[in-house]
1. With the alpha-carbon atoms as the only input, what is the per residue convex hull volume for the stretch A:336-414 in Å³?
2. Within a Cβ distance under 10 Å of A:Gly780, other residues only, what is the Lys/Arg minus Asp/Glu net charge?
3. Once you wrap a convex hull around the alpha carbon atoms of the stretch B:274-327, what is its projected area averaged over all directions, in nm²?
4. Multiply the residue gap between A:Asp1066 and A:Trp447 by 0.36 nm, knock off their C-alpha separation, and tell me the result in nm, one decimal place.
5. Hey, which of these cross-link pairs are over 27 Å Cα-Cα: A:Lys832/A:Lys949; A:Lys616/A:Lys680; A:Lys690/A:Lys949; A:Lys924/B:Lys212?
6. If eta is 1.567 mPa s and T is 4 °C, what Stokes-Einstein diffusion coefficient results for the stretch A:128-313, Kirkwood Rh from Cα pairs, in µm²/s?
7. With Cβ to Cβ distances under 11 Å as the rule, what net charge do the other residues near A:Ala318 carry (K, R +1; D, E -1)?
8. At a probe of 1.4 Å, how much accessible area disappears from chains A and B on forming the pair, both sides counted, to the nearest 100 Å²?
Amino acid sequence: MLQNGNEGMSTIPGFSQIQFEGFCRFINQGLTEEFHKFQKIEDRDQEIEFQLFVETYQLVEPLITERDAVYESLTYSSELYVPAVLIWKTGRNMQEQTVFIGNIPIMNSFGTSIVNGIYRIVINQIVQSPGIYYRSELEHNGVSVYTSTIISDWGGRSELEIDRKARIWARVSRKQKISILVLSSAMGSNIREILDNVCYPEIFLSFPNDKEKKKIGSKENAILEFYQQFACVGGDPVFSESLCKELQKKFFQQRCELGKIGRQNLNRRLNLDIPQNNTFLLPRDLLAAVDHLIGMKLGMGTLDDMSHLKNKRIRSVADLLQDQFGLALVRLENTVRGTICGAIRHKLIPTPQNLVTSTSLTTTYESFFGLHPLSQVLDRTNPLTQIVHGRKWSYLGPGGLTGRTASFRIRDIHPSHYGRICPIDTSEGINVGLMGSLAIHVKVGYWGSIESPFYGLSERSKEAQMVYLSPNRDEYYMVAAGNSLALNRDIQEQQVVPARYRQEFLTIAWEEIHLRSIFPFQYFSIGASLIPFIEHNDANRALMSSNMQRQAVPLSRSEKCIVGTGLEGQTALDSGVSVIAECKGKIIYTDTQKIFLSSNGDTLSIPLVMYQRSNKNTCMNQKTQVQRGKYIKKGQILAGGAATAGGELALGKNVLVAYMPWEGYNFEDAVLISERLVYKDIYTSFHIRKYEIQTHVTSQGPERITKEIPHLEARLLRNLDRNGIVMLGSWIETGDILVGKLTPQTASESSYAPEDRLLRAILGIQVSTSKETSLRLPIGGRGRVIDVRWIHRRGVSNSNPERIRVYISQKREIKVGDKVAGRHGNKGIISKILSRQDMPYLQDGTPVDMVFNPLGVPSRMNVGQIFECSLGLAGDLLKKHYRIGPFDERYEQEASRKLVFSELYEASKKTKNPWVFEPEYPGKSRIFDGRTGDLFEQPVLIGKSYILKLIHQVDDKIHGRSSGHYALVTQQPLRGRAKQGGQRVGEMEVWALEGFGVAHILQEMLTYKSDHIRARQEVLGAMIIGATVPNPESAPESFRLLVRELRSLSLELNHFLVSEKNFQMDRKEA
Amino acid sequence: MVREDVVGSTRTLQWKCVESRVDSKRLYYGRFVLSPLMKGQADTIGIAIRRALLGEIEGTCITRATSENVLHEYSTIAGIEESVHEILLNLKDIVLRSNLYGVRNASICVRGPKYITAQDIISPPSVEIVDTTQHIANLTEPINLCIELQIKRDRGYRMKSTNDSHDGSYPIDIVSMPVRNANHSIHSYGNGNEKQEILFIEIWTNGSLTPKEALYEASRNLIDLLIPFLHAEEEDMNFKENENRWNLPPFSFQDKFTNFKKNKKGIPLTCIFIDQSELSSRTYNCLKRSNIHTLLDLLSHSQEDLMKMEYFRTEDVKQILSTVQKHFAINLLNKKL
């Protein structure tokens, strides 16, 4: 899988390959590199020496299978063994043993790791390459200030700047800057050396005054001065070893460790030849950097573009895992050292395995996968989501940027992104431009550079050869954006192509081209390259589309798209949801659960996934595609997974759509659908939810799981078996009990609410010694119990909680309120389901399936949907499927339109349906109103579009609250659906109510729905005894606020009591 | 007057099946022509027939399947290639033909290995399986599979109701829509002002009934819907009125009500809301509170009833009477109040 077997052919690299390569690099190189940093450990008296033979480490095949790991919530990891030796120097004897160091989570074939039963993926981080960068900034008075930024391997930055008076400063913290002379003296060079090594000594000499001269006189003084400035301490610190150490730790290690890449970059930028293994910043570097800075000031040299990709590198899984491994080894070293000392003190004779604990490595990795921001739970909504997740990059995370502070420039698209980072696919919202997807052909180079392939064109060899170029190299070539097919062959003068050269777009003769791009989709990510006619869409809508395709729910019966881009096949294949034959053979037996394959004499059993839950509650299911007795080839698809059809990605359905207004039911992007989509199960999906409960041990005793729950209706308990757990296969409705649980409780009368006590007294209920804490099905959940798992935690049985998980499957037809979307960013909510005779119908009587708003097209500029729609109709009639690459316009003017019209014309001719293509309004057709049979006023665009049902469904969102809990502090209703929360009525909503004078609602809102706590509690009492709700006596604070607001408008709101007898007014404060 | 014209100018209406085709066992096509029609009539009939064909025709389908030793819909049975859910989906698609009322039982009882098709359904004599080759399941092992089915004739579609089933029976979505598609087109001919039209009706059915039968069925259902109009309107109203009389014994305004009804023919009293009668807001609120929304509601209450209402005073009754008289020309004052 990792090697591309046929070298000559350029195939799209496997979509998960970036992850695999990263992990392989970690296993093959990263482990060894970190092991070599592990030094031998000696105790204080140097009697015992501990050493690892790092060359012969072993990783053992995992003991459990992936499936078991998921099922039992374990980590899919392999054990790492290293031979270790313990040498007694005094006794001159040694003990050798292979020790178990710990578990390393292993990557599976999806490019993910399974940690505690959860699929996790480590996404690639893009960080600024360590090195030095020059830039100039305009100060407010119009003078440009030159600064150079040195970025360390850890992301720490220190800046050198030259000011107007030509003084050179090093900025050590946000506020403090110190003279460059102080810094270089503190780093160990004296004034003589400095002056010898710089090109402009006069500048160095000019600025220090006498006081400073004294400071740089000796290293100690310089360090003292540096420390004073850096730590911002006043007074007179005394030079000491600890002070030196602190500075070393806080400044030099964080800001000056360059790493190998940093050293390389620095050497290149400053023309130095410092050896590679010198990974720290040297005084020589500093002086060279200052020289360059002065050169900049004098107008020599070029500035750097920080956002150029050549100045960035990818920290992939390999680097992140390697860092963690290093960390774990340091921890291990410390524990080993501690244990040796302990052993010696207690006069014990340790063995190597006794010294080494596996916990440090195991816990380091568990906490890394669990807590690190770049390790994310694999999103498994559909196959596309899975595969795209592994190809994500992010600027965020440790050593990177944060969403709130990142500038606009860094989020923007850069010319160097061509073919490396998708210009379209990025998240919306606060992280826009900070997270995105890699382009499909990208390879990650050894130094973390993002490499893109090109065809090299040369006169000599006719054969174009493929080269991977890193971003710092392809700038110097002329790169044709298309290929020679796009040339107009007839006319000699027009043998020119658009090309890129040094971040510019030029039109260059074909002969002068050095490189050409290899594939039209080279510039895009997977998500974007699944959009047909993407070149006709606005980038914003394409972005939404590539994000929304990832939210598509797998449907119960999937269907290939009629109009696609040709990448569907590989996406489905690489996502790993389908079962692929690993070798050729004969199918012996098929079943819903497994396939038996006979190959070379032995029988392979291939298990299939049956109705499994993904972490987005969608249903994953594999379905056999081969018949028994058939012979199959290697690589053939044995079973298709969810949202695949015939080996291709199939996220939605081809439905007949019309773009027309219909009674206002498609106002603001709402969508009208036909009941056919409901009863034909076209947009029916399955959702499997997991409900979990744990049993704890309380101070009163352990919690019990039982069927015997007092004071509960038998109806609620009808589904429980005799253990108190819901029976498999039972139908569950909201409020039913899934697991009956009782928590022991001390029976104290006072712990009940007064009305509760009253009720108990009236109804004669005994005070029970336990409280009912059963697992109930929350609102919105209903369905069939398909699995119940009782997970016993291993280890000490009492202290660890037991868990019971209930899986409930739910069938969801499409309904009003669900979100649907096309592949062009055209999204909408279902507003109404019409019967099929009411829908508009075509001239052959076919009712339309969906009605979209035509106004959704012009302002959004996603014309691709129109092309897709018309071509889909042609394809449907001709029984053809189209796979269309992007940018076909370069071959011909209006190529897309010509294709669509010619296909429509052909379909019209072949099926003898003249309405399919009418020259007066091509693509449109006159259609009828289903209710009246009248012709609609204007011809309407109709066609077949590929429409997806998205995961945002009403069932998960709809929510109402009549009564419920209140937040403790604010005494406001809680927030959110999960907590039975209320809907916030904000200021403006209240104004609306006030404006319309809805007296009863306002009265409610201002009294017992508001901050009148006593009134609110009285309502509860009134509800229990069934009395009328009492009117509160006093006004609540919110009403008083309203009165005061009115007062500030010079309006007095008050009420008076007028006496009947003497008309005396009795004024009362409201 | 118009009728005589029609009779005089045209021959009697005739229909004919001009094309009939059986594409497969589950796809029938038929094209019918109705002529001659006066201008505009074709449209009237065409749209009505199309809507009746699509919405009014009954079909038979399997509504429930019961099988022992099946855990749940999403489980599998060893030895069967399909999961239970897929079998249910296959059963949903099976096309049946019957004219039964009520629920009938059918069953499948086979022993594997066998490829189960609709042929294997043992159905009651009144139910006929249209396409016997429809696939249900594939048994690969020698096991017994017994499924009890319920068959029902219904109209439209009904998605699975969420009833409990402890007995291992699973409801199947009811989709009884035998007409797949229908279309009508109008061809007009003739000269000048004497234009005549021909109506073409195209019908695609799923095989459980032929297009001709579908057309017959649709016409009959359509006629059934129109039958009430054939009876005199008067009787109809009286019928409703009688109903009211039985429900609400003390009718104080009843006589006047009948008078009034005769005065204002055609406007049912239920269509006049008390909002229209310009009552004072106080009276209006009182009436609204006691669920009196229309004039009919008002008239069906006796004065005593009104007086029993909260905050209702004699002045209000007077006001009501005067307004009603003013606006609706009902003289109620001579009535003893």
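1. Hull volume over Cα atoms, normalised by residue count, gives 180 Å³.
2. Its environment carries a net charge of +2.
3. Result: 3.1 nm².
4. In short, 214.2 nm is gained.
5. Table pairs above 27 Å Cα-Cα are A:Lys924/B:Lys212.
6. The estimated diffusion coefficient comes to 77 µm²/s.
7. -2
8. 3600
The values are calculated or read from the model by the stated rules, or taken from the named source; none is laboratory data. Computed from a predicted structure; not experimentally measured. Positions of Cβ are backbone-derived with ideal geometry, glycine not excepted, and every protein chain shown enters the neighbour counts. To get the accessible areas, we keep the full protein, side chains included, count just its heavy atoms, and leave off ligands, DNA and RNA. Shrake-Rupley method; radii C 1.70, N 1.55, O 1.52, S 1.80 Å.
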